[in-house]
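Contents: one structure, followed by commentary.
The values are calculated or read from the model by the stated rules, or taken from the named source; none is laboratory data. Remember, predicted model here, so these are calculated numbers, not experimental data. Methodologically, a virtual Cβ is constructed for each residue, glycine included, from the backbone with ideal geometry; neighbour enumeration extends over all protein chains shown.
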Amino acid sequence: MGALRLVQGQREELLQALCLGGSVEGLESVMDLLLAWGLLAWEDYQGLSVPGQALSSRVRGLLDLVCIKGESACGLLLAACSRVFPEARRAALSLGGCEPPQEGGEAGPMPAAQALRSRRPLLVRSLRRGISAALRALLQSGDFTTCDCEEVQLLLYTPSQQARRLLDLVQSKGESAATILLQHIQKSEGSPSAPEKEEHPAECLLYQKKLKSSLSAQSHFLSTYGGMGNLSLDDIYTEALLEVAQGSGEAQQPLGLEDILGQAGTLNEEADTVLVSGEAGCGKSTMLQRLLQLWARGAALQDYLFLFSFNCRQLSAEEREVSLRDLLFTQCCWPDRGQDTIFQYILDHPHKVLFTFDGVDEFRLGFSDVHRVCCPTQCAPVPMLLFNLLQGSLMKGMRKVATSRPVAVTPALKKYLRKEVLLKGFSTEGIDCFIRKHHGNPSVANHVLEALQSNTALFCLCHIPVFCWIVSQCSGELLGGGRSPQTTTDIYLMVLQHFFQRCSSSRARLGSDWVQERVGTVMRLGRVAMGGLRSSCFVFSGAELQRYGVTEEDICTGFLIHTKDHSSPESRHYEFRHVTMQCFFAALFIVLNNDIGSSTIQSLFYPQHQQESVLAKVCFGPCLSAGSPKRGAQEAERLNLEITATFVCGLLSQRHRKLLLQACPAPTLDRKCRQVVRALSKGMQRHFKSIPQPIQGEKKSMHAMPEFVWLIKCIYEMQDVAVAKDALARLEVEHLKLTYCNIGPVECTALAYVLQHLRTSVGLQLDNNSVADVGVEQLLPCLEICHSIYLRHNNISDEGIRKLIDKAIQCENLQKIGLFNNKLTDACTKYFAELLKRKQHFLSLRLGNNYLTAEGAEQLAEGLRSNRSLQFLGLWGNKVRDRGAVALAQALQDSPSLVWLSLVDNGIGNAGACALAELIRSSKTLEDLWLTKNCITREGVEYLLRALEENTTVKSVWLRGNELSPEEVEEVIQRDSRVVF
């Protein structure tokens, strides 16, 4: 079949393949090749790269263009797809046998601008790790301005996208800029091709082949959640949000998988360990599995000859002392020959080896750097060996990637980290993509998505991949009528019912008494789960299960899955499908067990005060050895107990009382419910008592800690308004600060449910979290009690602002909004303009470090003209330039209230300064004007000085970082001390 017919016949399949995961990387990689091969003219490429255009529209545009160009163009498109798509995706399509044009056949030297196009795929890969250096070279040559550099390094772009934006901009600058860039790349590369010619021993190459084959087989099916349904990783994998952790000193930007090992976010150049942290269920294991799969296929991380992958949950069960050699060859892949040669190569070339450790927080012993192991042949306990690998005492120079929950990472480990990357779960687009991949039937997928969109609380939970998987897996229960899930407990009860239905001998739906029928299984598995949490044990031998009375029928329900154990391959070992599933069964055991009293409930909510709690005596028995975990393990245990306590609260909700009465008498449920409510009340009071008295003249504020957020989530799980009201009855603060508390959409749902019952209005500060647009929507119910809301650095876009402002206009109390460092563009300024027109008591609007231009400033000015109350306006770090500054200054000239205005770093020149000088002349209230880091020269400063001569109310005009010489700065200061540099 001809290439044109192949493209036309597979249009929908190609569209889905190029839009996979909601990432533009696949499409842009294909376009790079087509541009290099000359199929796309520069005008074609620009037409397919219009900012703001939907990914699906861009793909359709490319397919249309290629079909118009004819048979040969379609052949090149299929050849490009064959190069870019992974093997599994290629196998699902018919891409023909089209060959790309031969490279390197040009006669004579090639113009630099043409070379940028013909070598584009290689240049993108080369530039992604050296964007900053390339921009410096172009700045020094005079071909780029500071504004050009900022345009390339927008926070919205991944490193690959930044490389492409750089090439596009250089292309538009002409031959001179293209020559400078090519010279810089050649100079920076030096002779990096030499290592590629390095001869590797034949034994190493054979071992690499076996290792890749082994990892490819292991990563073919989704292993997380027990590989439910044998889902191909290619078919189900959906990209989650990756971000450099706070504290790296770098601007936040999205990362791709390969960027985990890149330079972005590096804190310690001397360290070798990269930590990927994320909450339970956010997709850490699946992400690592994808990384292994890409290496095994030769699609990523090809700088590493060997990649060794370890599961810390399984390593934790290893009781023997082992050497590094044992760890590599027995736990990963045994070499068929040449073991000594291979091991010596690893020791001599640590930079060619990559280790991955999944779940370092699941070790029974906490991280410690007291005991040193430096010899690779020395035998030592596995935890000690691992910790010395992570800190670099053993195999220094070998790169390691480890995953963990954030709170379980102790300072003892953090000081050995090269960098930390945060995994934040699915975006809204990711949820859509995952559901559609999970359900081959588009009709079913549409029904599931409609059900989610009609239930915003459930939709929020689906941002956490494990919940998204559960909801998708239990679509029959979700769509089968009945009460729609609202809480985490609702979801896990739904999966409990789903698994029991699946193993039922009858195909008929389970009866209403299904808990009573299965209470024996629930209690036996619950005892196992609780015992494991007590000792930080997640892998259980068959003998241990027998001691707990677990039957083969219990195992067949599917909650426990078989796991590999290299230390004793002759015996079978088991683990729960996910740590959250283990916590859920532990919670069921606590709620349904008549013998558990108040001390057990207290030990859940105050684990730090229960060194040897009654949990050990009542729940665990002698089945597992406890040991004495160190701090890292204690943190992990505490996190698991918090998850368990959250489930206990949810199970004791009135929503589930009828269900649980089948297995537990009403007096027992009532007693435990009272104990939980009392524990929650005490926990909240402990926080309130720690609130310091305010300094005279300042507002009384409370800086909440993560434990406070957890208590709020527990209250939400109970779904009891009386409990929520009682919890906040004694909270009397004017400002509630919840910064750096890892608050996402799920936490926003709980916060809004509880905080809406505050008796007095409060300022709510949620800076530096992961609220996003969906979280903003969940916060709306509590906006009525907020006199101010601060959402700096929360990945909020224009759509979130639309919802926020629609509600804010109706809220009488709300007077201040702060949205510094989000993803706001000119499209959102019409909403703020409407807010300013309609709220004549609104005081403060801070929109710094977003993506606003002159167009947005002009739209905002429309609202400012009508507003008579605004005192503080912050627009620093945008790009309103002179045109926007003029519009804002003119709109504010008649303001009777403006006190403070910041236009720092906005590309403002003399024309803007002239307009702002007129604002100074006319304003009777303005006190501070910030114009730092702009483009104002001595001429523009003169306008401001003359205006200051006519205004005595202005206290300061900040001008540091403008275009003045030291002599001019000194002269200006002498004329008016209110001008600050």
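When you check ALA724 against the structure, is it small (Gly, Ala, Ser) and either farther than 24 Å from VAL519 by Cβ or in a helix (DSSP H, G or I) (or both), yes or no?
Values: small (Gly, Ala, Ser): yes; either farther than 24 Å from VAL519 by Cβ or in a helix (DSSP H, G or I) (or both): yes.
Here the answer is yes, as ALA724 does meet what is asked.
Restricting attention to the range 416-453, the residues being in a loop (DSSP other than H, G, I, E, B) and in contact (Cβ under 8 Å) with a residue 12 or more places away in the chain number 6. LEU736 fulfils the conditions (1) within 29 Å of ALA245 (Cβ to Cβ); (2) part of a helix (DSSP H, G or I); (3) not polar (S, T, N, Q) except for a single criterion, (2).
Looking only at the range 436-451, count how many residues are β-branched (Val, Ile, Thr) and exposed (fewer than 11 other Cβ atoms within 10 Å of the Cβ). Can you show your working first?
As a first pass, look at the range 436-451 and keep what is β-branched (Val, Ile, Thr): 444, 448.
Retained after the next criterion (residues that are exposed (fewer than 11 other Cβ atoms within 10 Å of the Cβ)): none.
Count: 0.
Can you tell me which residue in the range 807-824 is nearest to the chain's Cα centre (by Cα), limited to those that are of a type outside the set (Lys, Arg) and over 22 Å from ARG865 (Cβ atoms)? Filtering the range 807-824 for residues that are of a type outside the set (Lys, Arg) and over 22 Å from ARG865 (Cβ atoms), the one nearest to the chain's Cα centre (by Cα) comes out as ASN822. Taking the listed residues LEU847, LEU804, LEU814, the one that is within 21 Å of GLY884 (Cα to Cα), buried (at least 21 other Cβ atoms within 10 Å of the Cβ), touching a strand residue (DSSP E or B) at 6+ places or on another chain (Cβ under 9 Å) and at pLDDT 95 or above is LEU847, with no other qualifying.
Once the range 780-801 is narrowed to residues that are closer than 16 Å to HIS735 by Cβ and within 20 Å of the chain's Cα centre (by Cα), the residue that is surrounded by the fewest Cβ atoms within 10 Å (Cβ to Cβ) is ARG792. Selection over the range 68-98 of residues that are hydrophobic (A, V, I, L, M, F, W, C) and in a loop (DSSP other than H, G, I, E, B) gives a count of 5.
Residues checked against (1) of a type in the set (A, V, I, L, M, F, W, C); (2) outside any helix (DSSP H, G or I); (3) not assigned by TED's automatic domain parsing to the domain that holds VAL579:
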| site | (1), (2), (3) |
| --- | --- |
| GLY281 | no, yes, yes |
| SER285 | no, no, yes |
| LEU288 | yes, no, yes |
| LEU294 | yes, no, yes |
| GLN302 | no, yes, yes |
| PHE310 | yes, yes, yes |
| ARG313 | no, no, yes |
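For CYS828, indicate whether it is out of contact with any Ser or Thr (no Cβ under 6 Å at 6 or more places or on another chain) and either in contact (Cβ under 8 Å) with a residue 60 or more places away in the chain or surrounded by fewer than 20 Cβ atoms within 10 Å (Cβ to Cβ) (or both). If you could, list the steps in order and put the result at the bottom.
Details: out of contact with any Ser or Thr (no Cβ under 6 Å at 6 or more places or on another chain): yes; either in contact (Cβ under 8 Å) with a residue 60 or more places away in the chain or surrounded by fewer than 20 Cβ atoms within 10 Å (Cβ to Cβ) (or both): no.
Judged against the criteria, CYS828 is not a match.
Scanning for something out of contact with any helix residue (DSSP H, G or I) (no Cβ under 7 Å at 6 or more places or on another chain), among the polar types (S, T, N, Q) and not assigned by TED's automatic domain parsing to the domain that holds ARG320, does the range 570-590 turn up at least one residue? Even if it seems obvious, please write down each step before you answer.
Going through the range 570-590, the residues out of contact with any helix residue (DSSP H, G or I) (no Cβ under 7 Å at 6 or more places or on another chain) turn out to be 570, 573, 581.
Then keep just the ones that are among the polar types (S, T, N, Q); that gives none.
No.
The residue that is nearest to ARG320 (Cα to Cα), among those in the range 532-565 that are in a helix (DSSP H, G or I) and under 32 Å from the mean Cα position of the chain (by Cα), is GLY532. Screening the range 807-888 for strands (runs of 3 or more DSSP E) wholly inside it with 1 or more residues that are among the hydroxyl-bearing types (Ser, Thr, Tyr) returns the ranges 844-846. Screening the range 295-321 for residues that are aliphatic (A, V, I, L, M) and surrounded by 18 or more Cβ atoms within 10 Å (Cβ to Cβ) and picking the one that is farthest from SER126 (Cα to Cα) gives ALA317.
Just a yes or no: is a residue in the range 364-372 touching a helix residue (DSSP H, G or I) at 6+ places or on another chain (Cβ under 7 Å) and closer than 26 Å to GLU258 by Cβ? No, the range 364-372 contains no residue that is touching a helix residue (DSSP H, G or I) at 6+ places or on another chain (Cβ under 7 Å) and closer than 26 Å to GLU258 by Cβ. The residue that is nearest to ARG881 (Cα to Cα), among those in the range 917-964 that are of a type in the set (Gly, Ala, Ser) and in a loop (DSSP other than H, G, I, E, B), is GLY961. Taking the range 373-415 as the range and being in a loop (DSSP other than H, G, I, E, B), over 24 Å from LEU257 (Cβ atoms) and touching a strand residue (DSSP E or B) at 6+ places or on another chain (Cβ under 6 Å) as the test, the residues that pass are VAL373, CYS379.
Here ASP168, ASP234 are screened, and the one residue that is acidic (Asp, Glu), at pLDDT 75 or above and under 28 Å from PHE355 (Cα atoms) is ASP234. Scanning the range 901-916 for residues that are surrounded by 24 or more Cβ atoms within 10 Å (Cβ to Cβ) and part of a helix (DSSP H, G or I) turns up GLY912, ALA913, LEU916.
Close contacts from the range 191-209, counting a first residue that is assigned to a loop (DSSP other than H, G, I, E, B) and a second that is modelled with pLDDT of 60 or more and aromatic (Phe, Trp, Tyr), with Cβ to Cβ under 8 Å and a gap of 6+ residues or different chains, come to HIS200/TYR345; PRO201/TYR345. Annotation note: of LEU836, LEU892, the sole residue that is over 35 Å from the mean Cα position of the chain (by Cα) and either under 30 Å from THR146 (Cβ atoms) or buried (at least 21 other Cβ atoms within 10 Å of the Cβ) (or both) is LEU892.
The residue that is surrounded by the most Cβ atoms within 10 Å (Cβ to Cβ), counting only those in the range 747-772 that are under 14 Å from the mean Cα position of the chain (by Cα) and touching a residue at least 60 places away in the same chain (Cβ under 8 Å), is ALA772.
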